[in-house]
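To keep things clear, I will list the structure first and then write my remarks on it.
The values are calculated or read from the model by the stated rules, or taken from the named source; none is laboratory data. From a predicted model like this one, the values you see are computed outputs, not experimental measurements. Neighbour counts run over all protein chains shown; Cβ positions are idealised from the backbone, glycine included.
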Amino acid sequence: MVKITTRRFASSVVVSLLALGLAACGGGTTKDSTSAAPAAPAPSAAASADPDAPVKEGLKLAFLPKQINNPYETIVDNAGIEAAKEFKGEAKEVGPSDASASSQISYINTLIQQRQDAILIAANDANAVCGPLQQARSKGIKIVAYDSDASKDCRDLFINQASSEEVGRSQVRMLSEMIGGKGDIAILSATANATNQNTWIDFMKQELAKPEYKDIKLVKVAYGDDDDQKSFQETQGLLQAYPDLKGIISPTTVGISAAARYISGSQYKGKVVLTGLGTPNQMRQFVKDGTVREFALWNPKDLGYLASYAAAALASGQITGAEGETFKAGRLGERTIGKDGEVILGPPFVFDEGNIDDFDF
Ligand code: RAM
């Protein structure tokens, strides 16, 4: 069922993914775009949107991911940094090496001192970053949450990779189909405070509450903290604690790849079904060796690109973040701001043995 629903969108997504010729790149704490454009003056607080305002040249954008040593976040941020060159902005990535709740605060404070025009943040904790983000906004800095939302009242926009409801529910549908609608299952998540994973898990639980899943029991939500080793160990712990486990959903690229590595070298290979959200490059070997049949994701490069354009539109006064406003996002075309300042990139896409070699990210 899920495959039909999700793949209804597949052809356009495939074209878009293929057309990009995506490739993962290395990470770093001070990755700048090479634009030599002069810095723009600090933006004045725009009370109303002026859709015809030109994008200011020399905008300073800073990406603050959950953590810098996560290949997924690296793809997103590098694409955002590249996008900024298209509108003659300067973008960089700074961030912590762990995804803990308070890890991003000192970075926000530094970015305020540097008078960035916009801070783009994948929040490790929706509330822990709120005070510093409000401080930034009081200085005229625009705040764009992407990937993992900050509290609504501390950011101007949230660029969501896909409908949270569709991500959450489709993971359950996918796993249920693979385990024949019956048995114990577990979730291996990222950190306990991650806004994106927690929202998806809420929708997974709502989906599981439907009568058609009455024979599936969610026995545990474990947290690998988006740390490879911890995720590996948590997988081992789950399988030892619940010997009858039939399936695991890991809605994190770090978690699913670590879980796949553990399962592929264990007695559970072929017995326990693993699915979730992963990058094709990290998952390819586990699809080919039969550990994983299918998993999902969106185009992470498009996510960074869209976030960059949204930040530029905000910092240029084209939009204020209100529902119904529109802005042009380069090759992604015109985008409309939805309820609660959310802009959705597009539908998730399912990867399997038949298509995984078509992707390189
Ligand atoms: C990990 C992170 C990120 C999430 C992806 C799917 O890389 O937790 O926030 O969006 O997985």
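Quick look at the values:
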{"item": "The range 231-281, residues that are of a type in the set (D, E, K, R) and in contact (Cβ under 8 Å) with a residue 24 or more places away in the chain", "result": "E234, D244, K246, R261"}
{"item": "Test set (1) under 21 Å from the mean Cα position of the chain (by Cα); (2) of a type outside the set (G, A, S); (3) away from the ligand (no atom under 12 Å from the Cβ); (4) under 26 Å from A315 (Cα atoms) - L175 fails condition number", "result": "(4)"}
{"item": "Per-region count, the range 250-267, residues closer than 25 Å to F349 by Cβ and in a loop (DSSP other than H, G, I, E, B)", "result": "2"}
{"item": "Filter result for the condition that a residue is surrounded by fewer than 22 Cβ atoms within 10 Å (Cβ to Cβ) and not β-branched (V, I, T), over G265, G276, G304", "result": "G265"}
{"item": "Residues being within 26 Å of G140 (Cβ to Cβ) and of a type in the set (F, W, Y) - total across the range 313-361", "result": "1"}
{"item": "Any hit, the range 207-214, residues being of a type in the set (D, E, K, R), buried (at least 17 other Cβ atoms within 10 Å of the Cβ) and not assigned by TED's automatic domain parsing to the domain that holds D98", "result": "yes"}
{"item": "So A258, is it away from the ligand (no atom under 16 Å from the Cβ) and not assigned by TED's automatic domain parsing to the domain that holds D147", "result": "no"}
{"item": "Selection from the range 153-174 of residues that are assigned to a loop (DSSP other than H, G, I, E, B) and of a type in the set (D, E, K, R)", "result": "R155, D156"}
{"item": "Close pairs (8 angstrom Cβ cut-off, 6 or more residues apart or separate chains): under 12 Å from A222 (Cβ atoms) in the range 187-207, more than 8 Å from the ligand (Cβ to nearest atom) and of a type in the set (K, R) anywhere", "result": "I187/K220"}
{"item": "Residue in the range 231-242 that is in contact with an Asp or Glu (Cβ under 9 Å, 6 or more places away or on another chain) and away from the ligand (no atom under 16 Å from the Cβ) present", "result": "yes"}
{"item": "Filter result for the condition that a residue is more than 19 Å from D149 (Cβ to Cβ) and assigned to a loop (DSSP other than H, G, I, E, B), over G321, G276, G247, G270", "result": "G270"}
{"item": "Residue pairs meeting the criteria (Cβ under 9 Å; at least 6 apart or on separate chains; first under 13 Å from Q113 (Cα atoms), in the range 132-149; second more than 15 Å from the ligand (Cβ to nearest atom) and at pLDDT below 95)", "result": "R137/A45; K139/A42; G140/A42; G140/P43; G140/S44; G140/A45; I141/A42; I141/P43"}
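Here is a yes/no grid of residues against (1) among the β-branched types (V, I, T); (2) more than 14 Å from the ligand (Cβ to nearest atom); (3) at positive phi; (4) surrounded by fewer than 22 Cβ atoms within 10 Å (Cβ to Cβ):
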residue: A150; (1), (2), (3), (4): no, no, no, no
residue: D153; (1), (2), (3), (4): no, yes, no, yes
residue: L157; (1), (2), (3), (4): no, yes, no, no
residue: S163; (1), (2), (3), (4): no, no, no, yes
residue: Q171; (1), (2), (3), (4): no, no, no, no
residue: K182; (1), (2), (3), (4): no, yes, no, yes
residue: I187; (1), (2), (3), (4): yes, no, no, no
